[in-house]
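Q: Have a look at this one.
None of the figures in this text is laboratory data; all of them are computed from the coordinates on show. Please read all numbers here as calculations on a predicted model, not as lab measurements.
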Amino acid sequence: MKVIHAIDDQVLAAWLEKYDHQAKHMEGFKQFALVSGAQLKAVLLYEWSKWESGIFNQHIFHVKLVEAESASAFKELMERFINWMRTEKCDFFFLRLEAADLEKNRIIQKLSHVYYVGGLTRLEAPPAQIEMPLTGQDVVMSLPNEKEYDEAVLLGHQAFVKSRYALDPYLDQRVVQHFYQEWMRNNLLGRADINLVAKLNNEVVGLIQGMTKGNEMALELFAIRPDVQRKGIGKNLFIEMMKVSHDRGHHFISAGTQLHNTTAIQLYEKMGFRTTNAFLYYHVWPKKGER
């Protein structure tokens with residue numbers, strides 16, 4: 001099969017529709033595809049991750065979509081894309097696959113340069129007005145003021161130690177902490193649509209942040225200081241966010257958490273959330289990890 005880097009718009013739109021993707025959501029991405037004769041056999045769309053590249057001082061790319069007509073075409077596509085990225089200015093790229101697609105995951109896990117960096121569970125629930133349970137502590141839920149931003153951002157120091165970036169063997173964990181803290185700070189400075197903090201004895205001990213996506217409120221980052229966890233503070237902060245989302249007219253709330261984070265999953269389920277799908281994440285370092 002032959003590699004091509006440009007696909008006719010109508011041909012690509014028809015291909016995407018065949019796999020239940022909308023072409024308008026895939027515009028502007030770089031293309032890498034396999035053809036046999038005039039027929040598409042496999043397609044991969046990707047983009048440069050500018051912000052992550054700047055934080056990590058690495059050239060990082062994000063695979064947005066990968067589909068193939070057969071398992072053998074998928075394997076060849078990924079092998080040739082990894083080899084292609086070895087010649088490009090790329091340190092690593094990441095992709096996610098649906099956990100239920102056992103064939104794709106089996107193939108990718110056997111390839112060189114590939115590291116499994118954890119799974120993600122996606123859950124959804126309608127926003128609701130829920131009574132705040134008593135915690136036995138004088139906890140205040142509020143919008144953060146600018147003087148509290150630095151204190152809130154510090155919660156990211158230990159909150160994401162099991163994230164996919166933290167599980168990558170080639171990334172400096174101090175930079176990973178900085179990455180999440182800068183993400184939280186950007187959200188506080190206006191990127192997020194909802195920022196709420198929990199305060200105990202005038203100290204910020206919890207932070208939750210969400211983004212509006214159409215009629216959906218997507219939970220982005222959620223952090224509770226380790227010494228006050230399992231005391232109901234996180235639950236109350238989450239309930240407050242659900243109330244705000246309800247008041248703003250969102251149809252549903254979505255949340256994602258690591259597959260192994262059973263504590264968070266149990267919390268979401270108590271709030272009425274149900275799992276919709278699950279994904280496995282991979283970081284691929286084309287110039288490292290030969291096996």
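Q: Which of H246, H157, H21 ends up with the largest GNM mean-square fluctuation for the chain, with Cα atoms connected below 10 Å?
A: Highest fluctuation of the listed residues: H21.
Q: Based on the Cα coordinates of region 171-291, what is the per residue volume of their convex hull in Å³?
A: 162 Å³
Q: Related question: Along each of its three principal axes, how wide is the spread of alpha-carbon positions in region 54-149, in whole angstrom units, largest first?
A: The principal-axis extents, from largest down, are 58, 33, 20 Å.
Q: How would the chain be classified by its alpha-carbon gyration tensor: rounded, prolate or oblate, with rounded meaning a/c under 1.5 and the a/b versus b/c comparison settling the rest?
A: prolate
Q: Would you compute, from DSSP H runs of 4+ residues alone, the mean residue ellipticity of the chain at 222 nm, taking -39500 (n - 2.57) per run and dividing by the full residue count, rounded to the nearest 500?
A: -9000 deg cm²/dmol
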